[in-house]
Every structure is written in C-alpha cells, then in structure tokens.
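Asker: Got a structure for you, questions after.
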Amino acid sequence: WVLRTPQWSLGRSTQSRLVATTHSTTSSFTTHHQRHRSYTATATATTATTLQLTPSQQTLLQLSLAELQTRLADNEVSCVEVAQACLTQRQRVAQLNAFISEASVEHVLQAAETADKRRRDCPTEVRRLEGIPVCIKDNYCTEGVTTTCASKMLGGFIPPYSATVVDRLLNGAGCISIGKTNMDEFGMGSGNTNSYYGPCVNPYSKSKTAKDDSARVAGGSSGGTAAAVASYACYGYAETIL
C-alpha cells in the first residue's frame, strides 16, 4: 500500500452503488510520508491528467453496482478488467487527495484474478460481491495495513486485526480494497479539511487541487470515501455492515 499525502463527503449518489467497508489482509501497501499539511501534488497527481480511460473502461465505471454484478455473472466482463479501470481512474483523480493509502496495482490485480478464478471454477462458491473494487475509510482497522484516522499520531499504527465490518465485506462478501480514504482527523470535522494528510477536494469542484482557493470541500468527516466513489475510482465504501 502507498501511504499518500495531502489534498480534500460530497459525492456522486451512492444509491445504486455500495456503501460498506473493505480491507486487505496483506501488507501490499507501500508507504511514504510527506510533511504535515503539505498540499503539493505528488508526481502521480501531476501526471494523472495524461492517463486516459478506454471507452469500455468509461462504460464500466459508470455502471451501478447491480448492473456490474449482472455483467460479471453473465461473463460479459472480468474482475480484472473492472479492477484495471478503477486503478486507472484512481490515478487520474489522485489530485483530489481522496486516499491516504493505496493498495498496490499488483495486489489489486492478483485479488481480481483470484475472484475471476472463483467465478469460473467454483460458481456455487461465488460470494455476494465477488471481485468488486471498494475503498475503506481510514478509521477502520485493517489487519496488516496502516490505519491512521488521518492523524500523524497513528502514522505507524498497523492493526493486528480487522474491524468486523471490514472482515465481512472483504472475506465474507468478496470485495477488493483499492485503498484507505481521507477523513477529518479522528472524525472531528465536517469538511474533510482537518486531516494531517491535507484536505480532500470535491470531485465536482472546478478546481481539482487543494492549493486553489476556489476548490470546494468534499464534506466530512468521510470526504475521501465519498470523493472516491463520486469520482468513479471504486464502487463503494465503508459505512454500513452488510
């Protein structure tokens, strides 16, 4: 996983998309810190605008959760294809600073390949949300993956266990976590502007960087989770138990 840095929960409607939690049991999250409240975009964010989605990826990302599940069940699309689309979009919208840490591309694609294999070889064992990419708010414990609550104080905290809702979504329902999302520090705030890793930008804001005074807040304290879903980087996020 990559422990990211700064930039700003208003988001696109999640009525037909998943609102729940997720997690990764491995340590395939690379980490890197930047100084407190440094709002400088990373190299990834700087080059993100040059990344392009294919027409088929654009179509995939705009599907509702129910529509995506139908296509996966009918073998019209693979979990790997869905994961690749989400990973590309995650990079394209990196300047929103929706994620505090990101699952590695290798980890996500390996999980997607495993989901495809289960769908192909063991159809009776396919779980409710097998292979669906989601994100986790960074106040939910995730075994083996840094959980910061958007605070410098917890920058090195790696939980030895996962929250029940995380376990139910990933291991029980079969979702794939692509990252842990930004929030107001310890949930104290309503704009996702009080994060050690910097504010999260509203995806519908004309300005997409926190450095610009015209940028709009994403709401909070779950700004990163909503921004990730609203910007089509994943299909759902952590809030409710399935």
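Asker: At a 10 angstrom cut-off on C-beta neighbours, averaged per residue, how do the peptides 160-172, 127-139 rank from highest to lowest?
Answerer: The peptides rank, most packed first, as 127-139, 160-172.
Asker: Roughly to the nearest percent, how much of the accessible area of region 80-178 is carbon and sulfur, given a 1.4 Å probe?
Answerer: The computed percentage sits at 48.
Asker: How many times 2.2 N^0.38 Å is the alpha carbon radius of gyration of region 71-118?
Answerer: After normalising by residue count via 2.2 N^0.38 Å, the value is 1.27.
Asker: Still on this structure, please answer the following. Hey, can you grab everything whose amide H is under 5 Å from the amide H of Val134? Only 5+ residues off in sequence or another chain; H modelled, so Pro and N-termini drop out.
Answerer: Ile176, Ser177, Ile178, Tyr235
Asker: Let me ask something else about it. Mind checking which lysines have their C-alpha under 24 Å from Lys180, skipping anything on the same chain fewer than 8 residues away?
Answerer: Lys137, Lys152, Lys208, Lys211
Asker: Measuring with a 1.4 Å probe in the full set of protein chains, what accessible area per residue, in whole Å², belongs to region 133-185?
Answerer: Computed with neighbouring chains in place, this is 32 Å² per residue.
Asker: Which whole number of Å³ per residue matches the convex hull of the alpha-carbon atoms in region 166-235?
Answerer: Output value, Cα hull per residue: 88 Å³.
Asker: Gap in Å between the Cα centre of region 127-149 and the Cα centre of region 168-242?
Answerer: 13
The values are calculated or read from the model by the stated rules, or taken from the named source; none is laboratory data. Values in this document were obtained by computation on a predicted structure and should not be read as measured data. With ideal geometry, Cβ positions are generated from the backbone for all residues, glycine too; neighbour counts draw on all protein chains shown. Heads up: the accessible areas ignore ligands, DNA and RNA and are worked out on the full protein's heavy atoms, side chains in. Shrake-Rupley method; radii C 1.70, N 1.55, O 1.52, S 1.80 Å.
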